[in-house]
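Visitor: Once you've had a glance at the structure underneath, I'll fire off some questions.
The values are calculated or read from the model by the stated rules, or taken from the named source; none is laboratory data. As the structure is a computational prediction, the values presented were derived from the model and not from experiment. Cβ sites come from the backbone with ideal geometry, for glycine too, and all protein chains shown count toward neighbours.
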2 protein chains.
Amino acid sequence: MAVAGVAGAFAAGRASADGAAGASSALASSYAFRGEHQAGIVTPAQDRLHFAAFDLTTDDRDDVVALLQDWTEAAERMTRGDGAGEVGPVEGDPLLPPDDTGEAIGLPPARLTITFGFGPTFFDKLGLADRRPAALRRLPHFPADVLDPAISDGDLCIQACADDPQVAVHAVRNLARIAFGRAAVRWSQLGFGRTSSTSTTQDTPRNLFGFKDGTANLKAEQEDLVDTHLWVHPDDDAAAGWLAGGSYLCARRINMTIELWDRQPLADQEGFVGRTKGTGAPLTGTAEFDEPDFDAVTGTSPTIPVDAHVRLVHPSVHGGAQMLRRGYNFVDGSTPLGALDAGLFFIAYVRDPDTHFIPIQNTMAKSDALMEYLKVTGSALFAVPPGIAEGEYVGQALFT
Amino acid sequence: MAVAGVAGAFAAGRASADGAAGASSALASSYAFRGEHQAGIVTPAQDRLHFAAFDLTTDDRDDVVALLQDWTEAAERMTRGDGAGEVGPVEGDPLLPPDDTGEAIGLPPARLTITFGFGPTFFDKLGLADRRPAALRRLPHFPADVLDPAISDGDLCIQACADDPQVAVHAVRNLARIAFGRAAVRWSQLGFGRTSSTSTTQDTPRNLFGFKDGTANLKAEQEDLVDTHLWVHPDDDAAAGWLAGGSYLCARRINMTIELWDRQPLADQEGFVGRTKGTGAPLTGTAEFDEPDFDAVTGTSPTIPVDAHVRLVHPSVHGGAQMLRRGYNFVDGSTPLGALDAGLFFIAYVRDPDTHFIPIQNTMAKSDALMEYLKVTGSALFAVPPGIAEGEYVGQALFT
């Protein structure tokens, strides 16, 4: 049902003024903002990301409702390929600031999606603690975390994904502008390349370890699994019926020690991951989508090492729990020591972080061979409200 | 002549393993690495940038020559769409580290260009001060500079441009890996969207002020102007004949105070720039490429204000000097105060920074209305050696 909704929402966007001839059909396409679920979750992962966390600068609930109404209107316009405001970037009174910042003039919609979430602190600040889902707590400090508080947590989040990074940046920038006086950017992260497929129509991309990532990812077409593992059900949390049809967004800024990784032998790299670097096949198979055989041995050792990533995070050792991952590669310049400040901005959507994310992350942090090459510098958890119908605003069910 | 060289160098790249069906013809195309001039200057500006400055970790000239030879070989392979090494990312001895990091496996060449430059300090460290061009000095501290030394200057630079950011990142990462023990990354900058056209075949893109940028940019097709303003001539500098056919690369990381800009009335924004936001026409014209009329008045005031950007940087007030700009929009997350850390990573190529960059930058820094919305946080100048023939390495003329 979710998939049909997404497919049905896919439509040709308006032609752009300047770029129509050069724009591919994908760039010219747009997704509907409204629907059963928010767009940007099972939507086929776009190529580029701008993610921003916000802190409220007001504790007035009416102000926040007005913000969510304003955001809803602007997001709906921008996902169509229009400006953020009703008037447009250059059409208004020249003696007033424009209601759109203009850098996306002439650009096609580029499959933009804008997805909103609420952090745990959102509820406390607004006196809504009684409606906060029990699972929406600050993520625990995992063993290998070296978190920077300045790029962790937040009262609200916006995930903007598009095939053109200027379109994603334009969306976040205008939503930040609109939030003035009510919420301010706390941190923000660009991702230059998707590391996950969320649809069987997409190739599996590569992360900065050089490996295919997310082969076993939950895909939009797996409707039963999506319903079981991704969407919150009405009876999941008595305090948070408003979240039914929504999900939880787990964000982790995972720095990779690129230079150290690049000095490891190929066989070691493949052993850490449990897959071959070329095809992405498990070490016990020959093709990417072969199921790993964790009982297979080579000589006297398991063919897939006991600390291989693919073994430790496999659903079979976590009660069948699956995530929908939607992460992006990032490079944010260099560290003072001359290493690339690079890695994976991990995003996963799950029905319940207590069963679908935290235990898996704990296992990984404690035992995974990859952890020697990872440092988690940012972390956040958000509840992502369901989609909305005509006339509604994002998160409306929480306030009514 | 330069243009013909570029056009002739444009060829269909090898088909990719995974992505061929989805890759546009532009993504599948590649530029030759060798030629009269380095690629990546008059080459039609690609969509994405990864720029890195390096510091030498050796003062041994033979080591540095070996590095430049290794970089030349790797750069030539990668611009073809091949791996950084002869063997390949997964084809070698599994007990050794791969000679390519793998994240570009299956990706088309994406019009990758890799352009190398030498900073002023390069010559001192290697005992080559007598061959340093007189114009290659640390850029002066301009009035509005708030430079961070950690993201300024450098002994060497690499500009990697491509239509796929993963391809550009892969190039810089592998060249940094190859440099181990001889040079280390000093700073590195991603740009997500080009802000200049370097060819009449390209639309003028928009910067993060929302304005078309680089309308009057030097274009590859203007062969006479390119020869006059861009390439170093053999008799330009008696000490630096090796630089003939090369150029100077001026890099400036220009932060924009996005949030402040967005609160300015449209008419003020257009007055600061001297052009309309919609079409990019000068305030005295109706179409983007109309020549500005600096004598025109509206009432008793100049139609293009005296402190408008377009007026102050116009070649007519700088002895006809023109630059080839090749900059990129960037967003590097947020500042501690919740503003976007965003702006323009300005790159300009000029024949002589003393006549073609520094005076213009001084005028702008002192008088330009835009400066209220700009803070320059990084700055660097590099000499970019000419292109090379078969069997040569980048910068060879300097060492022979």
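Visitor: Out of the residues in the stretch A:336-373 that are among the hydroxyl-bearing types (S, T, Y) and touching a helix residue (DSSP H, G or I) at 6+ places or on another chain (Cβ under 7 Å), which is nearest to A:L260 (Cα to Cα)?
Guide: Going through the qualifying residues, I end up with A:Y373.
Visitor: Looking for something in a loop (DSSP other than H, G, I, E, B) and under 16 Å from B:F118 (Cβ atoms) - is there at least one such residue anywhere in the stretch B:377-386?
Guide: yes
Visitor: Are there any pairs, at least 6 apart or on different chains, whose C-beta atoms fall under 7 Å, with the first in the stretch A:173-185 and within 7 Å of chain B (Cβ to nearest Cβ) and more than 15 Å from B:V331 (Cα to Cα) and the second modelled with pLDDT under 95 and assigned to a loop (DSSP other than H, G, I, E, B), and if so, which?
Guide: From the stretch A:173-185, the pairs are A:A184/B:G338.
Visitor: Then there's this: Name the residue, out of A:D352, A:D332, that is of a type in the set (D, E, K, R), buried (at least 18 other Cβ atoms within 10 Å of the Cβ) and within 14 Å of another protein chain (Cβ to nearest Cβ).
Guide: A:D332
Visitor: Same structure again: Hey, among the residues in the stretch B:186-222 that are more than 8 Å from chain A (Cβ to nearest Cβ), in a strand (DSSP E or B) and of a type in the set (D, E, K, R), which one's farthest from the chain's Cα centre (by Cα)?
Guide: For the stretch B:186-222, the residue satisfying everything is B:K212.
Visitor: For the stretch A:72-85, does any single residue satisfy the condition of being in contact (Cβ under 8 Å) with a residue 12 or more places away in the chain, surrounded by 24 or more Cβ atoms within 10 Å (Cβ to Cβ) and closer than 30 Å to A:D237 by Cα?
Guide: Within the stretch A:72-85 (the criterion being in contact (Cβ under 8 Å) with a residue 12 or more places away in the chain, surrounded by 24 or more Cβ atoms within 10 Å (Cβ to Cβ) and closer than 30 Å to A:D237 by Cα), the answer is yes, since at least one residue qualifies.
Visitor: Still on this structure, I have one more. Taking the condition over 30 Å from B:D153 (Cβ atoms) and surrounded by 19 or more Cβ atoms within 10 Å (Cβ to Cβ), does A:V317 pass?
Guide: Here the answer is no, as A:V317 does not meet what is asked.
Visitor: Residues being under 13 Å from A:E36 (Cβ atoms), within 17 Å of the chain's Cα centre (by Cα) and not aromatic (F, W, Y): count how many of those fall in the stretch A:223-238.
Guide: Looking only at that region, the number is 3.
Visitor: Of the residues B:T228, B:T195, B:T204, B:T215, only one is touching a residue at least 24 places away in the same chain (Cβ under 8 Å), of a type in the set (S, T, N, Q) and either touching a helix residue (DSSP H, G or I) at 6+ places or on another chain (Cβ under 7 Å) or buried (at least 24 other Cβ atoms within 10 Å of the Cβ) (or both); which?
Guide: B:T195
Visitor: Please specify each residue of the stretch B:256-268 satisfying the condition of being more than 26 Å from the chain's Cα centre (by Cα) and polar (S, T, N, Q).
Guide: Across the stretch B:256-268, the qualifying residue is only B:Q264.
Visitor: If I go through the stretch A:30-62 residue by residue, how many of them are touching a residue at least 60 places away in the same chain (Cβ under 8 Å) and not in a strand (DSSP E or B)?
Guide: 19
Visitor: Of all residues in the stretch B:89-101, count the ones that are within 17 Å of B:L175 (Cβ to Cβ) and over 26 Å from the mean Cα position of the chain (by Cα).
Guide: Residues meeting the conditions: 4.
Visitor: Got a number for residues in the stretch B:260-272 being touching a Lys or Arg at 6+ places or on another chain (Cβ under 9 Å) and buried (at least 20 other Cβ atoms within 10 Å of the Cβ)?
Guide: 4
Visitor: Please tell me if B:G387 is within 21 Å of B:H309 (Cβ to Cβ), in contact with a Phe, Trp or Tyr (Cβ under 9 Å, 6 or more places away or on another chain) and small (G, A, S). Outline the logic, then answer.
Guide: Numbers: within 21 Å of B:H309 (Cβ to Cβ): no; in contact with a Phe, Trp or Tyr (Cβ under 9 Å, 6 or more places away or on another chain): yes; small (G, A, S): yes.
No: the conditions fail for B:G387.
Visitor: Here is a list of conditions, (1) at pLDDT below 95; (2) closer than 25 Å to B:A32 by Cβ; (3) aliphatic (A, V, I, L, M), and B:L337 meets all of them except one; can you say which number that is?
Guide: The one condition B:L337 does not meet is (2).
Visitor: Then there is this: Can you give me the ranges of the helices (runs of 4 or more DSSP H) entirely in the stretch B:242-320 with at least 1 residues that are modelled with pLDDT of 95 or more and of a type in the set (K, R)?
Guide: Answer list for the stretch B:242-320: B:309-312.
Visitor: Inside the stretch B:279-309, can you point out the residues that are crowded, with 20+ Cβ neighbours inside 10 Å and closer than 13 Å to B:F211 by Cβ?
Guide: B:G280, B:P282, B:L283, B:A308, B:H309
Visitor: Here is a list: A:D307, A:D262. Which entry is among the charged types (D, E, K, R) and without any contact (Cβ under 8 Å) to a residue 12 or more places away in the chain?
Guide: A:D262
Visitor: Further question: Which residues, counting only those in the stretch A:355-371, are out of contact with any Phe, Trp or Tyr (no Cβ under 7 Å at 6 or more places or on another chain), in a helix (DSSP H, G or I) and crowded, with 18+ Cβ neighbours inside 10 Å?
Guide: Residues satisfying the conditions are A:H356, A:I358, A:I360, A:M364, A:M371.
Visitor: Being in a loop (DSSP other than H, G, I, E, B) and either without any contact (Cβ under 8 Å) to a residue 40 or more places away in the chain or at the interface with another protein chain (Cβ under 8 Å from one of its Cβ atoms) (or both) is the filter here; which residues of the stretch A:131-163 pass it?
Guide: A:H141
Visitor: Further question on the same structure: Scan (1) within 14 Å of chain A (Cβ to nearest Cβ); (2) charged (D, E, K, R); (3) over 24 Å from the mean Cα position of the chain (by Cα) for the single condition B:D293 breaks and write down its number.
Guide: (1)
Visitor: Next question. Kindly list the number of the only condition in (1) within 14 Å of chain B (Cβ to nearest Cβ); (2) part of a loop (DSSP other than H, G, I, E, B) that fails for A:A342.
Guide: For A:A342, the exception is condition (2).
Visitor: Still on this model: Among B:A183, B:A135, B:A171, which is the only one that is crowded, with 21+ Cβ neighbours inside 10 Å and under 19 Å from B:Q38 (Cα atoms)?
Guide: B:A171
Visitor: Look at A:L340 and say whether it is buried (at least 24 other Cβ atoms within 10 Å of the Cβ), more than 28 Å from A:Q202 (Cα to Cα) and of a type outside the set (S, T, N, Q).
Guide: yes
Per-residue answers, yes or no, for (1) closer than 30 Å to B:T400 by Cα; (2) under 22 Å from the mean Cα position of the chain (by Cα):
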| residue | (1), (2) |
| --- | --- |
| B:A32 | yes, yes |
| B:Q38 | yes, yes |
| B:A45 | no, yes |
| B:T57 | yes, no |
| B:R77 | yes, yes |
| B:G81 | no, yes |
